[in-house]
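Here is the structure we will look at, set down as structure tokens.
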């Protein structure tokens, strides 16, 4: 009977939610092309999912460092460096999602002439966040296909 490894389960959940976060970030990027459009729920859910996935990734980093990092770098340094880059892309995706949300809220609360530039900034931030999240998901899949818990 196989032993159930909670870290392996968390890793799979993290990977699947990472793809979901990438898709969720595309939605506000599309909706906010029109600066007059409301996207409260889309913005909130995209940021929440992305933040949740990032938090799960942070909890997995210790076991990754202890159990997988050295073997990955020993057998395929390029894959190891891809994982390191994935972490940077994930941080950028989260930061830009929060930036998009902050500028979206700022546009709602802002006065007349500042609204339009803030809404455009929000759209661009979500667009960039979605791109970084997609790159993160792709690199994560490549690394997981090479070695997993």
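Since every read-out is calculated from the coordinates, none of them should be taken as a lab result. As the structure is a computational prediction, the values presented were derived from the model and not from experiment. All Cβ positions, glycine included, derive from the backbone under ideal geometry; neighbour counts span all protein chains shown.
Could you please rank 75, 123, placing first whichever residue has the fewest other Cβ atoms within 10 Å of its Cβ?
With the fewest neighbours first, 75, 123 line up as 75, 123.
Would you list 67, 119 from fewest to most Cβ contacts within 10 Å?
Sorted ascending by nearby Cβ count, the order is 67, 119.
Taking the Cβ of each residue in 122, 129, 42 as the centre, tally the other Cβ atoms inside 10 Å and list the residues starting with the fewest.
Fewest-to-most Cβ neighbours within 10 Å comes out as 42, 122, 129.
For the chain, what does -39500 (n - 2.57) per DSSP helix run (n ≥ 4), summed and divided by total residues, give at 222 nm, in deg cm²/dmol to the nearest 500?
After summing the helix terms and dividing by the residues of the chain, the value is -31000 deg cm²/dmol.
Could you quote the convex hull projected area for the chain, Cα atoms only and averaged over all directions, in nm²?
That works out to 9.4 nm², a quarter of the Cα hull's surface.
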